[in-house]
Each structure stands twice: as C-alpha cells, then as structure tokens.
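I am attaching a structure below and will ask some questions about it afterwards.
The values are calculated or read from the model by the stated rules, or taken from the named source; none is laboratory data. Everything numeric here is computed off the predicted structure, so don't read it as measured data. No Cβ is skipped: glycine too gets one built from the backbone with ideal geometry, and neighbour counts run over all protein chains shown. All accessible areas refer to the heavy atoms of the entire protein, side chains included, with ligands and DNA or RNA removed. Shrake-Rupley method; radii C 1.70, N 1.55, O 1.52, S 1.80 Å.
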Amino acid sequence: MSFEFLLCLVTLMGLAAMGTPIAYAILVASIAYLAAAGQSIGVSGKVLMDGLYQSFILLAVPLFIVAANIMNAGTVSDRLLQFCIAIVGRFRGGLGHVNVMASLVFSGMSGSAVADAAGIGKLIIEMMVKSGHYTRGYAAAITAASATIGPIIPPSIPMVLYALVSNTSIGFLFLGGIVPGLFMGGVLMGMNAWISHRRGFAKDDPVPLRELPRITLNAGPALLMPAILLYGIYGGVTTPTEAAAVAAFYALILAAVFYRSLTLANFYEILVNSARSSAAVGLVIGGALILNYIVASENIPGVVAQALVGLDIHPLVFLLCINLLLLLLGCFLDASTIILVIIPLFIPSCRELGIDLVHFGVVAIVNCMIGLITPPYGILLFVINAVTRIPLAEIIREVWPFLGVLMLALLTMILVPDLTLMLPRAFGYAG
C-alpha cells in the first residue's frame, strides 16, 4: 500500500468518524490522494464527468425517486394500504401483516427503503398504535424491517448502483430480486405471526369480503405499475432507464388525472424534494467514481483477487466471509457507500472464483438493506424516529427478532443460489 493511498484511507476514516457526511469525506480523501501523488486536481473532474456521461443508467435513480415521492404525496399509497388491509388484516397480528404486505406492494413503485419507511410506513405505524393492539416500538420496528424489502423487489435504486460498478445486466438483477424479496416478506410475516400469538395481540376488525372487489378495483391502477415496469424491461420495449421514466410519468398521470389527488403546489414540492434526494445520492456516486479511479490506479482489486486465488479459498467460504464483513460495515456505513466503494473491491475476486455476479449482487444488496436496521447506525431506525418521534430505544428493543430472521433469510440465499437465479435463468440468463 502506497503512502498516498494510506493517506486517503486515514483521511476518509477520520472525517467519517468525526461525523462528516460520507460524500464529502470521500471527495476530500480523494483530493488528498491526488495532491499527495502529485496529480492534477482536474483529474477528479475528468473522472467524474466521464463516469456520469458514460452511465446512462444513472438517470434511473432520480426518476425512481420522483415516482416514489409522487406515490407518497397523493392518495395512491392510501388506496394500496386499504387493499393490503382487506387481504391480510383479518388475521391475528393483522396490521403487522399489512405492514409487510404494503412494503411488498409499494416496493414495486419506489425502489427506496427510506421512501417506503417515511411514506406508507408512517401511515401504518399510526394505524397500528391507534388500534391499541400494538406498542409503538413494535409498530416502528416491523415497519423498519419490512422497509428493507423495498430495494430488493424491482425497481431498485441500489441495484442500479450495483449494475454501474459491476457491469451486470440490470434486467437480470431485477428478476433476481423478486423471489428473495418475497422470501424476506414471508419470514417477516412468520415472525409477526409468532410474536402476535405469543403476546396475545387482539385481532383487528376484518374488512367484509363483499368490499374486496371494490377495494381491489380502486387500487388496481396503482397495482399495475410494477407489471408495466417489468413488461417494459423484459418485453424489450424499454431500457431500465426508460422504464424509470415511464414509471415516473405513470405515477404522475395516476395521481394528477386518475385519482385527482395532486395539485401544482404539491407537484412543485415533490420535484424540490426529489432534487434534494437525487443530489445527495449524486454526491456519493461522484465521490465513489473518483475513489474507484484511485483504487484501480493502486490495483487494489487485482491484488485482492490474486491473494485469494493463491489461498485457494472455496467460493462459498469467500461469499460467507464477504457477507460477514458487509454486515459489520453495515453497522456504520450507509448502503450507497458500501455498494459504490466497498463491493467493487471484491468483484474481480468473484470472477476469479466463479461466483455468479447476479447472485453476489442480490445477496450483497440484501445484506446492505439489513444494515439499514442494524444498530448503532441503522439509518431506517433514525428515519422512523424522525417522522414519528418514537424513542429510538423503544424501536431498537423490538427490532432484534426481525433482524434475526432477516439474517437467517440472507444465509439461506447465500447457501441456495437458485433462490436468486431461478427467475433470471427462466428468462434466458446463462449464469
């Protein structure tokens, strides 16, 4: 390791430890490396612009953010929530099941765990607490846990970022996330059912079956969005980026014209909030592009890959070790940083060891999502604390059982690759 690269790492870790936003920490550390190495600071600008102009797929990120914000702002999320209540609200722990099912449904529109938790999640927490059957800590904990499903089922902003750094087909990544996402929803519902019976949660009033057709028809146009999105990508009609544009436009038409729940003032606010969120992600992406250039200049991935091949490590052992490392990093770093900065270090090693990059990508993203609810960092815990004012200690106390079953689900995905690869292979994936 050169002195310049050591200086870069020390600067990055030092700034992050001081609480500096990770995007700024990466940018400052990268500039420190270039200065110490005697390279022009202008190199960072060139690397940044080349990376952005050559990555058409990055346009999908702000478009998915706009679509999610439109869905949250209008009555679309309310209609989807009523549909979920009608389907699973009649069972013991019903609103907990509704919470998970809403995340499964809404994940087909937002692609963002934070959007899921701060939007439809806030509504369900209020409903669960108001019913009197659930503690506020439990309501917040299951909301945080179920929000992790959002970026696993397509569309998915983290998968777009992983496709950027790994040059993997985003279409097959989207397909690979469907079954694992449903599996995560299933284990969370199972844990909710077990806790509900153990604690004796009362049943909520069921929606009459005769109301089900009307409620389904009311939510029907919103439920069509995932189908339109997936058909566009896998039917060869649109690229993933164009599909994101279609999703944003469809959400706008749905909220403004069909449901008539979006005003010009609301739309302006949505665009401003979406621009802020996109800029925050963009700063991390920009810093990561420069840092990845530095890592490539130091040949760090090649050194790591060569060292692992020399050790003759088994692919499964490597995959388990990397996921353990990612779980530990997820306690302190946000998902975007891990995907853009840490994961690219191991992609050459995956190729050398014959590990499928779609399988690795989906498993790594599930891992990063689990990190979002892992104390002490757990950004979803902080988001829910901020929007509901429920004390963080109450949320953390209740989140451990859900964290445990999600880790078991992750282990299952690592040990059974077909869980991830069955759908991509059915659509022609050769991996």
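If you check Ile365 against the conditions, is it buried (at least 20 other Cβ atoms within 10 Å of the Cβ), in contact (Cβ under 8 Å) with a residue 12 or more places away in the chain and in contact with a Phe, Trp or Tyr (Cβ under 7 Å, 6 or more places away or on another chain)?
yes
Which residues, counting only those in the stretch 198-238, are among the polar types (S, T, N, Q) and without any contact (Cβ under 8 Å) to a residue 40 or more places away in the chain?
Once the filter is applied, which keeps residues that are among the polar types (S, T, N, Q) and without any contact (Cβ under 8 Å) to a residue 40 or more places away in the chain, the stretch 198-238 yields only Thr238.
Could you check the stretch 5-31 and list, in sequence order, the residues that are assigned to a helix (DSSP H, G or I) and open to solvent by 50 Å² or more (accessible area, probe 1.4 Å)?
Leu6, Leu7, Leu9, Val10, Met13, Ala17, Tyr24, Val28, Ile31 - these are the residues of the stretch 5-31 that are assigned to a helix (DSSP H, G or I) and open to solvent by 50 Å² or more (accessible area, probe 1.4 Å).
Are there any pairs, at least 6 apart or on different chains, whose C-beta atoms fall under 9 Å, with the first in the stretch 415-430 and under 9 Å from Leu175 (Cα atoms) and the second part of a loop (DSSP other than H, G, I, E, B) and open to solvent by less than 80 Å² (accessible area, probe 1.4 Å), and if so, which?
Thr420/Asp356; Leu421/Asp356; Leu421/Tyr429; Leu421/Gly431; Leu423/Tyr429; Pro424/Ser169; Pro424/Gly431
Given the criterion modelled with pLDDT under 95 and in contact with a helix residue (DSSP H, G or I) (Cβ under 8 Å, 6 or more places away or on another chain), identify the matching residue among Val399, Val405.
Val399
Only one of these conditions is not met by Leu48: (1) in a helix (DSSP H, G or I); (2) farther than 21 Å from Ile253 by Cα; (3) modelled with pLDDT of 80 or more. Which number is it?
Status for Leu48: all satisfied but (3).
Write out, first by first residue and then by second, each pair whose Cβ atoms fall under 6 Å of each other, whose residues are 6+ apart or on separate chains, and whose first residue, in the stretch 168-183, is within 16 Å of Leu410 (Cα to Cα) and crowded, with 24+ Cβ neighbours inside 10 Å while the second is modelled with pLDDT under 90 and among the hydrophobic types (A, V, I, L, M, F, W, C).
Gly177/Ile153; Gly181/Ile153
Then there's this: In the stretch 308-354, which residue that is free of Cβ contacts under 8 Å to residues at least 40 places away in the same chain and either at positive phi or assigned to a loop (DSSP other than H, G, I, E, B) (or both) is least open to solvent (accessible area, probe 1.4 Å)?
Result: Gly354.
In this structure, does Pro401 turn out to be part of a helix (DSSP H, G or I) and farther than 28 Å from Leu164 by Cα?
For Pro401, the condition - part of a helix (DSSP H, G or I) and farther than 28 Å from Leu164 by Cα - is met.
Given the conditions (1) modelled with pLDDT of 85 or more; (2) open to solvent by less than 60 Å² (accessible area, probe 1.4 Å); (3) in contact with a Lys or Arg (Cβ under 9 Å, 6 or more places away or on another chain), report the number of the one that His197 does not fulfil.
With (1) modelled with pLDDT of 85 or more; (2) open to solvent by less than 60 Å² (accessible area, probe 1.4 Å); (3) in contact with a Lys or Arg (Cβ under 9 Å, 6 or more places away or on another chain) applied to His197, the lone miss is (2).
Residues being surrounded by fewer than 13 Cβ atoms within 10 Å (Cβ to Cβ) and part of a loop (DSSP other than H, G, I, E, B): count how many of those fall in the stretch 248-262.
Qualifying residue count, the stretch 248-262: 1.
Would you be able to tell me the number of residues in the stretch 412-431 that are part of a helix (DSSP H, G or I) and either surrounded by 13 or more Cβ atoms within 10 Å (Cβ to Cβ) or touching a Gly at 6+ places or on another chain (Cβ under 7 Å) (or both)?
10
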